[in-house]
Amino acid sequence: MFEVLQNDMLAPNVHRMVIRAPRIAKARQPGQFVIVHPESGGERIPLTIGDADPQAGTITLFIQAVGASTLKIVNTPVGDSLRDIAGPLGKPTEIEKWGRVACIGGGLGTAVLYPLAKALADAGNEVTTIIGGRSKPFIILADELKTFSKELLIATEDGSLGQKGFVTNVLQELIDAPDKRPHAVFAIGPVPMMRAVAEQTRPFGIKTIVSLNPIMIDGTGMCGGCRVKVGDETKFACVDGPEFDGHLVDFGLLMDRLSMYRETEAKILSELPEELRDKIIKVKR
């Protein structure tokens with residue numbers, strides 16, 4: 001059992017949970033994830049390890065409650081426990097000294113970006129961080145990212161914080177400035193955002209790494225559920241990723257696979273208690 005030590009809401013339906021997991025905390029590296037199994041018979045949820053404290057024996061997870069299983073996880077009170085957490089899983093981020101690096105996070109992708117951006121800064125890179133969201137309440141970890149970023153830039157769709165527009169608008173400004181153009185770009189967030197960033201950097205030959213979130217079951221490469229096409233090869237996000245060269249990813253296929261279970265999800269949603277169903281519908285809007 002894995003005890004919940006802290007559970008804070010950072011943004012609407014986005015929680016930061018600190019969980020006692022000493023073995024995972026000791027072994028974890030940036031870019032890796034865990035699979036959380038909150039209760040017997042429940043769904044297995046892959047979540048990036050946002051931070052870890054080996055001395056305290058804790059890991060930090062950032063979770064967006066968008067379905068029945070994630071709602072159960074974030075509703076676990078401090079002092080209670082989650083049944084199983086498997087990890088660390090996946091390949092760690094390959095940290096290099098690129099020079100100027102742009103780290104781009106969209107929505108909850110900002111939380112996934114945090115440990116990666118910090119590791120890049122610690123390696124001596126000049127990190128410019130760009131984060132985006134629908135509006136000010138959906139911008140998370142800005143203060144934390146600012147501590148190690150040379151510059152922190154924010155974009156919101158409604159202009160309530162930072163620049164009005166999308167993270168791609170801000171990235172284009174960097175690309176257009178010779179003294180700011182990044183040597184590498186790391187983008188994490190919704191699939192359409194990552195796809196747009198990859199297409200934006202392609203003409204300039206800027207190395208672009210994205211973190212993929214396909215449907216995942218066992219996290220060990222046995223089920224094949226998380227397969228993605230990268231170049232001419234089939235890869236498994238759980239063991240070959242989750243980070244890949246954005247210029248080689250078949251985003252169309254990825255988006256098709258992510259929509260495979262919409263009918264099943266709708267059926268499960270219709271069978272939930274009305275109060276829980278209303279919460280999920282509100283989040284999805």
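The values are calculated or read from the model by the stated rules, or taken from the named source; none is laboratory data. Quick caveat, the model's predicted, so the values are computed rather than measured. Ideal geometry is used to build each Cβ from the backbone, glycine not excepted, and the neighbour counts take in all protein chains shown. Areas reflect the complete protein model, heavy atoms only, side chains present, ligands, DNA and RNA absent. Shrake-Rupley method; radii C 1.70, N 1.55, O 1.52, S 1.80 Å.
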Helix axis angle, 167-176 relative to the chain longest principal axis, alpha carbon, degrees: 20 degrees
Projected onto the charge dipole of the chain (+1 at Lys/Arg Cβ, -1 at Asp/Glu Cβ, origin at the Cα centre), which of 62, 223, 37 gives the Cα projection farthest towards the positive end? 62
Count of lysine pairs in the range 1-128 with Cα atoms under 20 Å apart, counting only pairs 8 or more residues apart in sequence or on different chains? 4
Scoring only Lys, Arg, Asp and Glu (+1, +1, -1, -1) among other residues with Cβ under 12 Å from the Cβ of residue 209 yields -2
Ranked by accessible surface with a 1.4 Å probe, highest first, in what order do 35, 215 come? 215, 35
Rank 78, 101, 90 by how far each Cα sits towards the positive end of the charge dipole of the range 70-110 (+1 on Lys, Arg Cβ; -1 on Asp, Glu Cβ) and give me just the farthest. 101
Label points 7 Å out from Cα along the Cβ direction at residue 29 and residue 232: separation in nm? 2.9 nm
Stretched fully, the stretch from residue 204 through residue 177 gains (0.36 nm per residue minus C-alpha distance, one decimal, in nm) 8.5 nm
Cα shape, the range 51-160, gyration tensor, a/c 1.5 rule: oblate
For residue 155, which sequence-distant residues (separation of 5 or more, or a different chain) have an amide H within less than 5 Å of its own amide H, given hydrogens modelled in the peptide plane? 131, 132, 133, 163
Considering only protein heavy atoms and a probe of 1.4 Å, how much of the accessible area of the chain is carbon and sulfur, as a whole percent? 50 percent
Give me a comma-separated list of calculated 3J(HN,Hα) values for the range 198-208, in order, Karplus coefficients 6.51, -1.76, 1.60 applied at θ = phi - 60°, integers in Hz, x for any Gly or Pro. 4, 5, 5, 8, 3, x, 9, x, 7, 4, 10
Given charges at beta-carbon only (K, R positive; D, E negative), |dipole| of the chain in Debye: 100 debye
Which angle from 0 to 90°, rounded to the nearest 10, does the C-alpha axis of helix 109-122 make with the longest principal axis of the chain? 50 degrees
Taking amide hydrogens as modeled 1.01 Å from N in the peptide plane, which residues meet the under 5 Å criterion relative to residue 160, leaving out close sequence neighbours? 136
